[in-house]
Amino acid sequence: MRKKIVAGNWKMNMNLEEGLLFAKSVNQYFMEKPSGKAEVILCTPFIHLSGISEILNKGKMTFGAQNCASEPSGAYTGEVSAMMIKSTGAEYVIIGHSERRSFYHEDDRLLNKKTILALNSGLKVIFCCGEVKGEREEGKHFIVVKRQLEEGLFTLPTEEMEKVVIAYEPVWAIGTGLTATPDQAQEMHKYIRSLVREKYGKECAEILTILYGGSCKPSNAQEIFSKPDVDGGLIGGASLKKEDFVAIVEAI
Ligand code: PEP
């Protein structure tokens with residue numbers, strides 16, 4: 001059976017004190033009211049990682065970073081390597097978020113390099129893909145997602161692919177209040193699983209967790225998560241409000 005996941009992406013929000021207090025409070029909530037089958041992940045800014053590792057009740061909640069360097073170590077001022085992230089106790093790293101692709105011009109080749117480094121460092125990867133509005137309007141969304149996966153991920157051997165979670169995040173739905181309909185999400189998730197099946201076989205495709213991201217909130221989570229190929233969510237804005245975040249986890 002494939003793993004269900006709800007991952008919060010805090011983006012560049014919360015100072016150290018705010019972040020640790022928030023994590024403590026969410027952790028406390030799930031200690032009292034276990035999250036059932038879903039794994040709950042907090043993907044935080046780098047500054048929170050080591051503090052959060054002291055707070056989280058491992059097993060119920062896990063945590064990760066939102067990016068890593070494309071080089072293993074050395075003279076790369078301002079960068080944080082996958083190994084450094086791993087050394088905090090983090091289990092995951094998000095690679096290829098649309099904000100990294102657009103604001104920092106991260107292309108498929110670079111994201112492939114980061115993915116390989118992260119996996120070699122012992123992290124699991126949440127690999128994001130998704131089309132922009134114009135691409136969907138022109139009917140190119142399947143072609144775009146296929147290219148992102150083929151160039152960013154499909155160089156991996158099967159045993160590494162099994163440590164990857166794919167997040168389908170239509171860019172036009174991220175932080176915009178627009179959400180893909182449950183049918184649009186299901187259609188793309190099913191397509192992604194079919195690509196993985198073609199490349200890696202049935203078993204790998206069946207255990208692959210595919211998350212939906214893009215203005216997911218308590219009012220729409222349950223309907224989206226009820227689709228057979230949607231295994232949870234990557235949550236941005238709503239992961240910053242405890243009531244909303246826990247409600248989304250409970251929707252699964
Ligand atoms: C995200 O940042 O991955 C995201 C899905 O954001 P939001 O939920 O705010 O649309």
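Odds and ends about this structure:
- Output for the range 63-105, where each listed residue is part of a helix (DSSP H, G or I) and of a type in the set (Gly, Ala, Ser): Ala82, Ser87, Ser98, Ser102
- Residue list for the range 172-216, restricted to those being surrounded by 13 or more Cβ atoms within 10 Å (Cβ to Cβ) and at positive phi: Gly175, Gly214, Ser215
- Considering Thr209, Thr176, the condition of being hydroxyl-bearing (Ser, Thr, Tyr), within 23 Å of Gly236 (Cα to Cα) and either more than 17 Å from the chain's Cα centre (by Cα) or at pLDDT below 95 (or both) is satisfied by Thr176 alone.
- Within the range 136-162, being among the hydrophobic types (A, V, I, L, M, F, W, C) and either in a loop (DSSP other than H, G, I, E, B) or more than 16 Å from the ligand (Cβ to nearest atom) (or both) holds for Phe142, Ile143, Val144, Leu149, Leu153, Phe154, Leu156, Met161.
- Taking (1) away from the ligand (no atom under 16 Å from the Cβ); (2) at pLDDT 95 or above; (3) closer than 30 Å to Val145 by Cβ; (4) out of contact with any Ser or Thr (no Cβ under 7 Å at 6 or more places or on another chain) in turn, Asn13 satisfies each apart from (1).
- Residue check for Ile248: more than 9 Å from the ligand (Cβ to nearest atom), hydrophobic (A, V, I, L, M, F, W, C) and crowded, with 24+ Cβ neighbours inside 10 Å: yes
- When residues in the range 1-24 are screened for being over 19 Å from Ala251 (Cα atoms) and either in contact with a Leu (Cβ under 9 Å, 6 or more places away or on another chain) or in a helix (DSSP H, G or I) (or both), 13 of them pass.
- Being in contact with a Gly (Cβ under 9 Å, 6 or more places away or on another chain), among the β-branched types (Val, Ile, Thr) and under 18 Å from Met61 (Cβ atoms) holds for only one residue in Ile210, Ile224, Ile174, Ile252, and it is Ile252.
- Ser102 more than 16 Å from the ligand (Cβ to nearest atom), among the hydroxyl-bearing types (Ser, Thr, Tyr) and over 14 Å from the mean Cα position of the chain (by Cα): no
- Of all residues making up the range 119-135, the number that are surrounded by fewer than 20 Cβ atoms within 10 Å (Cβ to Cβ) and part of a helix (DSSP H, G or I): 4
The values are calculated or read from the model by the stated rules, or taken from the named source; none is laboratory data. Keep in mind that what you see is a predicted model, and the values were worked out from it rather than measured. For neighbour counting, all protein chains shown are included, and Cβ atoms are generated from backbone atoms with ideal geometry for every residue, glycine included.
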